[in-house]
Amino acid sequence: MLSIKDKIKLLDFFKILSQDELDVLYGISKIATYPQGYTLYYEEEVKDTMFFLVEGVAKTYKVDRQDNEIFLNYIYDNTLISEVSSLDDNHIVCLSNVEFIKNSIILEVDYLAFKEYFIQTHILTIQFLHEIIRKNKQLYCIIDREIVFDAMAKVAYSLYDDLVMFNKLKRQEVANMLHIQPATLSRVLKKLLRLNIIAVETTTISILQRDALKKIFNGVSE
């Protein structure tokens, strides 16, 4: 079984750290395991811990006024889970709900200590800013998917962005995730099949023309 030191070394975020710096990180961190279906935190919770996903899969979502779940995105291995919106605060305000969809291993880091040792000293400031920028880009993609894209663009983007998960989910689950009707999803997939952009074997989809998918959600007609 891997130690906390081994698990931290699996995360690209910390690969630039020296051994002495890693020793500091070990002292302010712990490893936790969570089962499938467990909710790590809810929207608007305040945390003094920063979370990294070492192994597993999680999803982020919001809930509207009618208690409908609005899917945002999936989180995979080797990723910062926490949504940090300010470097001025000594805590993290959660911007969405996070639920594990597979048994997962999490690195939990004391956020205030992390800021003092690694951000205020500029050791990991660049890496941290890269993560914030990446999450901002992800947010713009979600806005496009939910507001700008039509059904064809939603499906094309989902296939392009995460084919593995698309194939793991049932078609009803994909339709729910994209907020379209199952019949609409079926029609779009059939059209992509006719255009020879995708291929389907049993229920598994493969992409034949990746650039063509990109053109669809970038607004270039096929």
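The values are calculated or read from the model by the stated rules, or taken from the named source; none is laboratory data. None of these values were measured; they are calculated from a predicted model. For neighbour counting, all protein chains shown are included, and Cβ atoms are generated from backbone atoms with ideal geometry for every residue, glycine included. These area figures cover heavy atoms from the full protein model, side chains too; ligands, DNA and RNA do not enter into them. Shrake-Rupley method; radii C 1.70, N 1.55, O 1.52, S 1.80 Å.
Charge tally for Tyr41 (other residues, Cβ to Cβ under 14 Å; Lys, Arg +1; Asp, Glu -1): -4. Rolling a 1.4 Å probe over the heavy atoms of the protein chains gives segment 1-107 an accessible area of 53 Å² per residue.
Please go through segment 1-46 and write out the trypsin sites (Lys or Arg not before Pro) that DSSP classes as loop and that have at most 13 other C-beta atoms within 10 Å.
On the way: sites: Lys5, Lys7, Lys9, Lys15, Lys30; in loops: Lys15.
Those that pass, being in a loop and sparsely packed, are Lys15.
Less than 5 angstrom separates the built amide H of Glu83 from those of Leu95, all sequence-distant by 5 or more or on a different chain.
Calculated on the Cα set of the chain, radius of gyration then Dmax: 19.5, 58 Å.
For a 24 Å ceiling on Cα separation, which of these pairs sit above it: Lys7/Lys170; Lys9/Lys135; Lys59/Lys170; Lys135/Lys170; Lys7/Lys115; Lys102/Lys215? Present the calculation step by step, with values, prior to reporting the outcome.
Details: Lys7/Lys170 32 Å; Lys9/Lys135 22 Å; Lys59/Lys170 16 Å; Lys135/Lys170 27 Å; Lys7/Lys115 21 Å; Lys102/Lys215 33 Å.
From the list (Lys7/Lys170; Lys9/Lys135; Lys59/Lys170; Lys135/Lys170; Lys7/Lys115; Lys102/Lys215), the Cα-Cα distance tops 24 Å for Lys7/Lys170; Lys135/Lys170; Lys102/Lys215.
Solvent exposure of segment 142-192, expressed per residue, is 51 Å² of accessible area, with all protein chains present and a 1.4 angstrom probe.
Using only the C-alpha atoms of segment 75-132, find the volume of their convex hull and express it per residue in Å³. Numbers along the way, then the final one.
Working: hull volume 5.4 nm³, N = 58.
Looking at segment 75-132, the number lands at 93 Å³ per residue.
Amide H contacts of Ile205 (H built 1.01 Å from N, in plane; Pro and chain starts excluded): no residue 5 or more places away or on another chain comes under 5 Å. In loop segments of segment 137-199 as defined by DSSP, the trypsin sites (Lys or Arg not before Pro) with at most 15 further C-beta atoms inside 10 Å of their C-beta are Lys170. The value for segment 1-58 of Rg(Cα) / (2.2 N^0.38 Å) is 1.27. Average projection, convex hull of the Cα set of segment 50-174: 8.9 square nanometres. Taking amide H atoms as placed 1.01 Å from N in the peptide plane, the amide H of Tyr38 lies under 5 Å from those of Phe100, each 5 or more residues away in sequence or on another chain.
For segment 104-216, what percent of Cα pairs sit more than 23 Å apart? Working shown, then result.
Values: 2806 of 6328 pairs.
Here the tail beyond 23 Å accounts for 44 percent of pairs.
Helical content alone sets the calculated 222 nm signal of the chain at -11000 deg cm²/dmol, taking -39,500 (n - 2.57) per DSSP H segment of four or more residues and averaging over every residue. Would you mind telling me the share, in percent, of accessible area of the chain contributed by carbon and sulfur at probe 1.4 angstrom? Here it works out to 51 percent.
With each label modelled as a point 7 angstrom along the Cα→C-beta vector, the Gln66-Ile16 pair spans 4.7 nm.
Beyond 21 Å, what percent of the Cα pairs of segment 1-120 remain?
Values: 2783 of 7140 pairs.
In whole percent, the long-distance tail amounts to 39.
When +1 charges are put on Lys and Arg Cβ atoms and -1 charges on Asp and Glu Cβ atoms, the dipole computed for segment 149-216 relative to its Cα centre reaches about 200 debye.
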